[in-house]
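Every number in this text was worked out from the coordinates using simple rules, so none of it is lab data. Computed from a predicted model, the values in this text were never measured in an experiment. Cβ coordinates were reconstructed from backbone atoms using ideal geometry, including for glycine residues, and neighbour counts include every protein chain displayed.
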Amino acid sequence: MKTQIILAALLLASAPAFAADNPPPAANKPSGGYICLRHHDVDGWGSRDKHSMIVNDRFGRKYLISVQGVCDDLDFAMGAGFRPLGGFGTCVDRGDRVVLRGGGAFDSRNSSCWVSKVQLYSKEMEAADKLARQNKQPLATY
């Protein structure tokens, strides 16, 4: 009997930890407006230009990641990932490193740059980018 009570208590105590690992998509943007693209939710990416990239999460949302400086290999990289500032962090955030792998214009050594801004990539932004590309105009900065 004591064993069953202890096991039940442990199960109840661990339930919030399991629930926090897979939140519903709405939990990604708390009421404070902070946007959280969690590292383990990244599910694809593409270069927008030399200063930004579009990252998809496993819930179907798109994020615009702006980078500091120019990431020369962003258009040619075969893989990309994020390394949190200080080695810790759940969400991709300002100061995190974008690590690019292979496919570079000069060689396939690792290349990296820094995240300067993370924001949701809205349908309006996507439409404006598509129109700018069709008209051979520069992309807007957000």
Sequence-distant residues sharing a close amide H with Trp45 (under 5 Å, placed H): Asn56
Given charges at beta-carbon only (K, R positive; D, E negative), |dipole| of region 37-134 in Debye: 140 debye
Most to least packed among 82-93, 44-55 [average Cβ atoms within 10 Å]: 44-55, 82-93
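Write down, largest first, the equivalent ellipsoid semi-axes of region 37-134 in whole Å, where each equals the square root of 5 times an eigenvalue of the alpha-carbon gyration tensor. Don't skip to the end; give the middle numbers.
Values: eigenvalues 79, 65, 27 Å².
So the three semi-axes of region 37-134 are 20, 18, 12 Å.
Please give me the summed charge of the neighbours of Gly86: other residues whose Cβ is under 12 Å from its Cβ, Lys and Arg +1, Asp and Glu -1.
Values: positive: Arg83, Arg97; negative: Asp93, Asp96.
So the surrounding residues net to 0.
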For region 129-139, Karplus couplings with θ = phi - 60° (6.51, -1.76, 1.60), whole Hz, Gly/Pro x: 5, 4, 5, 4, 5, 4, 8, 6, 9, x, 6
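Under 12 Å from the Cβ of Gly44, count the other residues' Cβ atoms, weight Lys and Arg +1, Asp and Glu -1, and hand me the total.
The answer is 0.
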